Amino acid sequence: MTDSESGGSGVENAPPALRSALDDYLVSRGKGGQKQSGIYRRHAERELGKFVTYLEREGIDGFDGIEARTLRRYIRQELLGHGHSPRTVQKYYDYVSAWLGWAQREGLIDTHYGIQEAAREPLPEADTRKEEHQQTWQRGQRQAILGHVDERAREAIEEDGLDAYGPVRNRALVYVLAYSGVRGSELLANSQDDRRDGAMWRDLADGCDSLEVLGKNQRWEDRSIPPQARTALERWRTVLDPAPEWPLFPTLHYPSLHDALDAAGVERAVSGHAEIFDALRDATGRPPSITTDGARRLLKRLTDEADIDVEAGYLQLHGARRGVGRVLAMQQGADAAADQLGNSVEVVERRYSDILAAERAEKTGEAFDEHDG
């Protein structure tokens, strides 16, 4: 008997209001609708089914009963109580938090308790410092996520044409990260730094082969965009039809976009990304850039959807940069890696010492072969 037949997933036995909302959420996260569900949807259905079953046992029959203490109890009793690893506990909780975030955006709840510290307090701590600085996108991982965003973009373009904003933007962003080595903080907005409000289209060369960014040293610098990333960027420019001062990667978060409409003095009612962008364009307004935090959430979702096995849980922004540096250091040496990444040769030699040491070992062996031969 399957989980769905036995009620193991909990979705069929959920209280009606929650079941209906969960069904809507799962369809919204599926690939192409209810019948083509995708990896993320299957995992989310399983874990959220367990969550709504827990709510039913607790006598909670609607979103209004879900508070911070509800989530604390769920973490302690269900997630921590089953011997899951800290990483798995965090991943399973992220499904719950993502659902509650969707519910807030849909107007089903006023407060997203899932992101509050009071709710997250029991979650096990992880040392993300090492992960952030050491993760490297490996070739197989890079190919998997690129294949995934390619597929999603193609599906969206076939269905929506020039209204395929989300998947086409996501594909362009992932390609730029995967091949350019640009820091997330150089490319995207940072709510803690007024100077970093996202790279703009006017900063991108006409041929999409270079991008001027505010570097880590607070100086404006040019970053090369390799040919592999240019087609995705050009396609995104065609879909978005941006003004020069628009960010390369605007947010698609509706409340933030409506704030931009208000700031631009747009008073007419608009809905959907196409209408919003048209209204901003007519009013010479500017949508805000996606933030680095938003990009991290996006990469978490894409990693899950593509079913990529990553030790740190998901493909991180900094891991993409390190992946570029690793390829260049391996294939072309420290000087080429330093030039592309905007680092000193000394920094590259220190960070990729394992690759450079292996390269020196090969050259040393070749030297002895030539000498002794």
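The values are calculated or read from the model by the stated rules, or taken from the named source; none is laboratory data. No experiment lies behind these values; they were computed from the predicted model shown. Because the Cβ atoms are built from the backbone with ideal geometry, glycine has one as well, and the counts that use them run over all protein chains shown. Just the protein is used for accessible areas: all its heavy atoms, side chains included, with ligands, DNA and RNA removed. Shrake-Rupley method; radii C 1.70, N 1.55, O 1.52, S 1.80 Å.
Listed values, structure above:
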{"item": "With every protein chain in place, the chain: carbon and sulfur % of accessible area (1.4 Å)", "result": "43 percent"}
{"item": "Residue among Gln90, Gln218, Gln228 with the largest mean-square fluctuation in a Gaussian network model of the chain, springs linking Cα atoms under 10 Å", "result": "Gln218"}
{"item": "Share antiparallel - DSSP beta bridges, the chain, percent rounded to 5", "result": "90 percent"}
{"item": "Stokes-Einstein diffusion coefficient of the stretch 55-99, Kirkwood radius over Cα pairs, 10 °C, 1.306 mPa s, in µm²/s", "result": "143 µm²/s"}
{"item": "Rounded tilt (10° steps) of 254-263 against the dominant C-alpha axis of the chain", "result": "80 degrees"}
{"item": "Amide H partners (placed H, <5 Å) of Ser289, local residues excluded", "result": "Thr251"}
{"item": "Relative contact order (%) - the stretch 207-331, alpha-carbon pairs under 8 angstrom, separation at least six", "result": "17 percent"}
{"item": "Crossing angle, helix 86-105 versus the chain [Cα axis fit, 0-90 degrees, rounded to tens]", "result": "60 degrees"}
{"item": "Thr231/Glu275 FRET efficiency (R0 35 Å; Cβ-Cβ; nearest 0.05)", "result": "0.80"}
{"item": "Where only alpha carbons of the stretch 226-373 are counted, the Rg and the Dmax (Å)", "result": "22.5, 82"}
{"item": "The chain: angle of helix 165-180 to the longest principal axis, Cα-based, in degrees nearest 10", "result": "30 degrees"}
{"item": "Largest-first ellipsoid semi-axes for the chain, taking √(5λ) over the Cα gyration tensor eigenvalues, angstrom", "result": "38, 29, 19"}
{"item": "Among Pro242, Gly342, Phe277 the positive-end extreme of the charge dipole of the chain (Cβ point charges)", "result": "Gly342"}
{"item": "Hz values of 3J(HN,Hα) by residue in the stretch 55-70 - Karplus curve (6.51, -1.76, 1.60), Gly and Pro given as x", "result": "4, 4, 4, 7, x, 9, 10, x, 4, 5, x, 8, 10, 4, 5, 4"}
{"item": "Peptides ranked, highest mean first, by Cβ atoms within 10 Å: ranges 343-349, 48-54, 154-160", "result": "48-54, 343-349, 154-160"}
{"item": "Residue-level accessible surface for Trp246, protein heavy atoms, 1.4 Å, Å²", "result": "0 Å²"}
{"item": "Solvent-accessible ranking of Asp304, Asp262, Asp24, largest area first, probe 1.4 Å", "result": "Asp262, Asp24, Asp304"}
{"item": "Set of aspartates and glutamates with alpha-carbon distance to Lys50 below 12 Å, sequence-local pairs under 8 removed", "result": "Asp3, Glu12, Glu78"}
{"item": "Per-selection metrics, the stretch 154-293 (Cα): Rg and Dmax in Å", "result": "14.7, 43"}
{"item": "Difference of contour (0.36 nm per residue) and Cα-Cα distance, His43 to Asp259", "result": "74.4 nm"}
{"item": "Extended-chain gain in nm, criterion 0.36 nm per residue less alpha-carbon gap, Arg219 and Ala357", "result": "46.5 nm"}
